[in-house]
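Written below as structure tokens is the structure these notes are about.
Derivation of every value follows stated rules applied to the coordinates shown; laboratory data play no part. Note that the coordinates shown come from a computational prediction; the quantities given were computed from them, not determined experimentally. So basically every Cβ, Gly included, is an ideal-geometry build from the backbone, and we count neighbours across all protein chains shown.
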Amino acid sequence: MQDPFSDAIDIFEEASKYSDAPGWFIDLLKQPERIIQLRFPLEKDDGKIVPMSGYRVQYNNILGPYKGGIRYHPKVNLSEVKALSFWMMIKNAVCNVPFGGGKGGIEVNPKELSEAELERLTRGFAQKIFPNIGPEIDVPAPDVNTNPQVMEWITDEYRKKLKSQSANGKIDENYIKAVVTGKPLEQGGSEGRTEATGLGGFLVLQSCLNCIELRQKATIAIQGFGNVGSYFAKFASEAGFKIMAVSDSKTGLIDQSGNGGLDIEKIIGFKQKGKSFSDLDLEGVQKISNEDLLELEVDILVPAALEGVINKDNALNIRAGVILELANGPTTKQADKILEEKQVLIIPDVLANSGGVTVSYFEWFQNMHGEHWTVEEVRGKLKEKMETAFKEVWEIAEKKKISLRLAAYVVALNRLASKLS
Ligand code: GLU
């Protein structure tokens, strides 16, 4: 079975050959600093109590507090969370935010829980993780199947616990809010955070297209239509790219109308009603499987769901010339090699999807300083960060003649190592 963490470390090892970081430091970074495994009860609506398992891996905090999302998914496991926390360490260093790497997850299918159960699950998790999180310790955020509401429940539990421990019960409210990012706007969230990962990915893609010979109005297929995939689709289609296919966890949609792409606005409107693509009937649009979507003949393929979807079994069949990784770890190590031989250009996850944590940093900063930035300010700063990160990675790739993934790891490793002196 594929082990995402050992794959990630193999690639890291390869990248380390192109960095001047000392050997002991590279060895140190091959394992996380701390693994927290949690077990706690969840009371179901029918009164039954079931044990739940969760994890938080604090990879390291060389650059600042541990930072990364929390996901709810039935397949969450330690190897996956370790890999995800490692990628957060790399990602935060690539986009140059003052955070270390962390990630968490609960092994659960949230689609089988009621809203009340989801709230009790989150509050139970937050109570258990309380000693290990804080604005200057570890700052969680949304990830797969978690959202601003989940972040608000965590903040509330954190507030209660912190207040119960303080001598006079008075703690700065802005400071409390900085314990997580991706909060609802009215609870201290940042303008522009919701769309940040999709927009950041779009900005990175544009920077990349300026460096290669690909039509600016290229065709795109997107796998995954959650927060990240749908916002990316919106920005790309508004800019004139042709979105030929999209998919959710069950079904894909492909444009057969000959009109140059799907009507993304309409599809987003449909999704906002909480429905599945399998229930959507649009003229000139046909259904397609998730597997087939990945193999379509488009210019740009955007995996925006889960890890490992591009692997040794389908890598040879990929026909896109560019892959923009908006999911974390969508391409396995073996597929990476095959695609490199096929000269497919991969814009790696740790660069492509770093817009989310970048605006998380802006949110944390605003909370810590009691500020509120406009959406224009946030987007302007995001653009600057994304363009700088892309440029740094691209230049190393050119100079050392290595892939963008290896180059991103080198940028990260050099930034981490710069803290040694
Ligand atoms: N879950 C997102 C990621 O994988 C965002 C993390 C954050 O904002 O801390 O990058």
Distance from the range 353-417 to the range 17-88 (C-alpha centre basis), Å: 22
The range 152-203: which trypsin sites (Lys or Arg not before Pro) are DSSP loop and have at most 10 other beta-carbon atoms within 10 angstrom? Lys170
Mean Kyte hydropathy of -1.0 or more with a Cα span along the axis of at least 30 Å, helices from DSSP in the chain: 375-400
Using the Cα centre of the chain as the reference point, and only Cβ charges (+1 on K/R, -1 on D/E), how large is the resulting charge dipole? Debye, rounded to the nearest 20. 860
Computed Rg/Rh for the chain (Cα atoms; Rh = Kirkwood radius) stands at 0.96
For labels at Asp279 and Glu384 in the simple 7 Å Cα→Cβ model, what's the distance in nm? 4.5
Sparse-neighbourhood loop sites, trypsin sites (Lys or Arg not before Pro) in the range 44-125 - DSSP loop, at most 15 other Cβ within 10 angstrom: Lys44, Lys48, Lys75
Projected label distance in nm at Lys419 and Ile171, using a 7 Å step from Cα toward the beta-carbon: 2.4
Taking a cut-off of 17 Å between Cα atoms, list the lysines near Lys161, but don't count ones fewer than 8 places away on the same chain. Lys128, Lys170, Lys177
Computed [θ] at 222 nm, helices only, for the chain once each DSSP H run of length n ≥ 4 contributes -39500 (n - 2.57): -13500 deg cm²/dmol
Where in the range 293-377 are there GluC sites (Glu not before Pro) that are in a DSSP coil and have at most 14 other Cβ atoms within 10 angstrom of their Cβ? Glu297, Glu371
Cα centroid of the range 128-167 to Cα centroid of the range 222-240, whole Å: 30
Which of Ser164, Phe125, Leu326, positive extreme of dipole for the chain (C-beta unit charges): Ser164
